[in-house]
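Q: Structure incoming, see below.
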Amino acid sequence: MDKECVIFGAGDVYSPRKKRADGDLVIAADGGYSACRSLGWEPDVVIGDFDSGEMPTDTNAFIVKLNRDKDDTDMLAAVKVGLRRGYKTFVIYGGVGGRLDHTVANIATLAYMNAYDARGYLIDRDSAATVITDGKLTLPNAVRGTVSVFAYGGTARGVTLKNLSYTLDNVELTPEFPIGVSNATVDAGDKNACGEISVKHGSLLVFFPRQTTEYK
């Protein structure tokens, strides 16, 4: 299993359904520090301009104080720390809810990771979101429920959906037409019937059910 960079933001944080594994990097982005500690996770790094929470004094974590007049969001700054340390899988809690523009910014951050051969997962209460670019996402065997797929950042070409209620084969999706909303996994009794989403050129924003052992 790949090592994960786990980031806690200041949005709605739902309890992780996994334990911290050896090699994981845990980062608290600004106000996400409180949720991180309340859930029993000790961060390795705390980063932010601390406009949504006070800079902690009760931690041994490495603290990065950012200037409030900056281009990067606190979440993007946290992701960049993980990328510099070589992480390719990012799991973000507290990146949804609260201000809608913050949620949109965090979805953009998912797309940002793809340029560095990394993938991020934005965790909500019952679902996860990720962005795939010129690639493929295979859903875990245990995932059953609603799956939604949207073109992100422009036209997505060569889109194929397999083992879902509604399938597509090498088609074009545009951001203006949300045809991919409210699809679903199929329960064919076959453990190998995993939902598969792929795109040849462009990016897709994918929402899928969060499973009991996490998103994968």
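The values are calculated or read from the model by the stated rules, or taken from the named source; none is laboratory data. Computed from a predicted model, the values in this text were never measured in an experiment. Virtual Cβ from ideal backbone geometry, glycine too; neighbours counted across all protein chains shown. To get the accessible areas, we keep the full protein, side chains included, count just its heavy atoms, and leave off ligands, DNA and RNA. Shrake-Rupley method; radii C 1.70, N 1.55, O 1.52, S 1.80 Å.
Q: Any residue in the range 91-99 that is at pLDDT below 90, loosely packed, with under 15 Cβ neighbours inside 10 Å and either of a type in the set (Phe, Trp, Tyr) or outside any helix (DSSP H, G or I) (or both)? Show your work before the answer.
A: Taking the range 91-99 first, the residues at pLDDT below 90 are 97-99.
Filter once more, keeping what is loosely packed, with under 15 Cβ neighbours inside 10 Å: 99.
Keeping just the survivors that are either of a type in the set (Phe, Trp, Tyr) or outside any helix (DSSP H, G or I) (or both) gives 99.
The answer is yes, given that some residue of the range 91-99 is at pLDDT below 90, loosely packed, with under 15 Cβ neighbours inside 10 Å and either of a type in the set (Phe, Trp, Tyr) or outside any helix (DSSP H, G or I) (or both).
Q: For the range 62-75, how many residues meet the condition of being surrounded by fewer than 18 Cβ atoms within 10 Å (Cβ to Cβ) and assigned to a helix (DSSP H, G or I)?
A: Number of matching residues: 0.
Q: Next up: Among the candidates Tyr152, Tyr121, Tyr87, single out the residue that is of a type in the set (Ser, Thr, Tyr), under 19 Å from Arg20 (Cβ atoms) and assigned to a strand (DSSP E or B).
A: When all the criteria are applied, what remains is Tyr121.
Q: Please work out which residue is nearest to Val131 (Cα to Cα), limiting yourself to the range 156-167 and to residues that are open to solvent by less than 50 Å² (accessible area, probe 1.4 Å) and modelled with pLDDT of 95 or more.
A: Quick first cut of the range 156-167, residues open to solvent by less than 50 Å² (accessible area, probe 1.4 Å) only: 156, 158-161, 164.
In the following step, the residues that additionally are modelled with pLDDT of 95 or more were identified as 156, 158-161.
Working: Ala156: 12, Gly158: 16, Val159: 13, Thr160: 15, Leu161: 15 Å.
Residue satisfying both the conditions and the ranking: Ala156.
Q: For the range 117-137, state whether one or more residues are free of Cβ contacts under 8 Å to residues at least 40 places away in the same chain and open to solvent by 20 Å² or more (accessible area, probe 1.4 Å).
A: yes
Q: Determine the pairs where a residue that is aromatic (Phe, Trp, Tyr), located within the range 170-190, has a partner that is modelled with pLDDT of 95 or more with Cβ atoms under 9 Å apart, the partner being 6 or more residues away or on another chain.
A: Between residues of the range 170-190 that are aromatic (Phe, Trp, Tyr) and residues that are modelled with pLDDT of 95 or more, the close pairs are Phe177/Ala151.
Q: Whether any residue in the range 43-52 is open to solvent by less than 70 Å² (accessible area, probe 1.4 Å), at pLDDT below 95 and within 21 Å of Arg210 (Cβ to Cβ) is what I want to check.
A: So far as the range 43-52 goes, no, none of its residues is open to solvent by less than 70 Å² (accessible area, probe 1.4 Å), at pLDDT below 95 and within 21 Å of Arg210 (Cβ to Cβ).
Q: Being part of a strand (DSSP E or B) and either among the hydrophobic types (A, V, I, L, M, F, W, C) or open to solvent by 50 Å² or more (accessible area, probe 1.4 Å) (or both) is the requirement here; does Val79 meet it?
A: Judged against the criteria, Val79 is not a match.
Q: Would you mind telling me which numbered condition in (1) assigned to a loop (DSSP other than H, G, I, E, B); (2) open to solvent by 30 Å² or more (accessible area, probe 1.4 Å); (3) farther than 17 Å from Leu110 by Cα Thr59 fails?
A: (2)
Q: Just checking, does the range 35-42 include any residue being in a helix (DSSP H, G or I), at negative phi and without any contact (Cβ under 8 Å) to a residue 24 or more places away in the chain?
A: Yes, the range 35-42 contains at least one residue that is in a helix (DSSP H, G or I), at negative phi and without any contact (Cβ under 8 Å) to a residue 24 or more places away in the chain.
Q: Is the range 194-206 home to any residue that is in a loop (DSSP other than H, G, I, E, B) and either touching a Leu at 6+ places or on another chain (Cβ under 6 Å) or free of Cβ contacts under 8 Å to residues at least 24 places away in the same chain (or both)?
A: The first filter runs over the range 194-206 and keeps only residues in a loop (DSSP other than H, G, I, E, B), leaving 194-195, 199-200.
So of that shortlist, the ones also either touching a Leu at 6+ places or on another chain (Cβ under 6 Å) or free of Cβ contacts under 8 Å to residues at least 24 places away in the same chain (or both) come out as 194-195.
Looking for residues that are in a loop (DSSP other than H, G, I, E, B) and either touching a Leu at 6+ places or on another chain (Cβ under 6 Å) or free of Cβ contacts under 8 Å to residues at least 24 places away in the same chain (or both), one finds at least one in the range 194-206, hence yes.
Q: Could you grab me the full set of residues in the range 1-35 that are farther than 18 Å from Val81 by Cα and among the aliphatic types (A, V, I, L, M)?
A: Answer for the range 1-35, where residues must be farther than 18 Å from Val81 by Cα and among the aliphatic types (A, V, I, L, M): Met1, Val13, Ala21, Ala35.
Q: Separate question: Just give me the residues in the range 27-42 being acidic (Asp, Glu) and either at pLDDT 90 or above or open to solvent by 30 Å² or more (accessible area, probe 1.4 Å) (or both), in sequence order.
A: Listed by number, the list holds a single entry, Glu42.
Q: Run down Leu110, Leu139 and say which single residue is closer than 19 Å to Asp74 by Cβ and either at pLDDT 95 or above or in contact with an Asp or Glu (Cβ under 8 Å, 6 or more places away or on another chain) (or both). Lay out the reasoning, then the answer.
A: Values: Leu139 fails: closer than 19 Å to Asp74 by Cβ.
Going through Leu110, Leu139 in turn, the sole match is Leu110.
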